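Visitor: Sending over a structure as structure tokens; questions will come in a sec.
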Amino acid sequence: MKLVDARKQKQLSQEKISRIINVSLKHYQNIEYGITIPTVTIALHICEVLEIDPREVDEWKDRRQPF
């Protein structure tokens, strides 16, 4: 699941989520776009707000190819 889809499903703006989890709007945008990987604490807080499983977030999945 993409963060943007989960956020839109909850009808929340990026700004609203960034305020709830106490990070800058730019930092949250970087997380949502997959530019930045959040700390575990922030990731869990985002998932709590969006009511999603952190293991299902596409932006945080390991993209390395298996050997």
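Visitor: Contact list please: Cβ distance under 6 Å, first residue in the stretch 1-27 and more than 13 Å from Cys47 (Cβ to Cβ), second residue surrounded by 14 or more Cβ atoms within 10 Å (Cβ to Cβ) and of a type in the set (A, V, I, L, M, F, W, C), pairs at least six apart or on different chains.
Guide: From residues that are more than 13 Å from Cys47 (Cβ to Cβ), the pairs are Glu15/Leu25; Ser18/Leu25.
Visitor: What are the residues in the stretch 55-67 that are surrounded by fewer than 14 Cβ atoms within 10 Å (Cβ to Cβ) and in a loop (DSSP other than H, G, I, E, B), if any?
Guide: Those that are surrounded by fewer than 14 Cβ atoms within 10 Å (Cβ to Cβ) and in a loop (DSSP other than H, G, I, E, B): Lys61, Asp62, Arg63, Arg64, Gln65, Pro66, Phe67.
Visitor: For the stretch 10-54, which positions are of a type in the set (Ser, Thr, Tyr) and part of a helix (DSSP H, G or I)?
Guide: If the condition is that a residue be of a type in the set (Ser, Thr, Tyr) and part of a helix (DSSP H, G or I), then Ser18, Tyr28, Thr41 are the ones that fit.
Visitor: What do you reckon, is Thr41 β-branched (Val, Ile, Thr), over 14 Å from Val4 (Cα atoms) and modelled with pLDDT under 95?
Guide: When the stated conditions are applied, Thr41 does not pass them.
The values are calculated or read from the model by the stated rules, or taken from the named source; none is laboratory data. Keep in mind that what you see is a predicted model, and the values were worked out from it rather than measured. Neighbour counts are summed over all protein chains in view; Cβ atoms, including those assigned to glycine, are modelled from backbone coordinates with ideal geometry.
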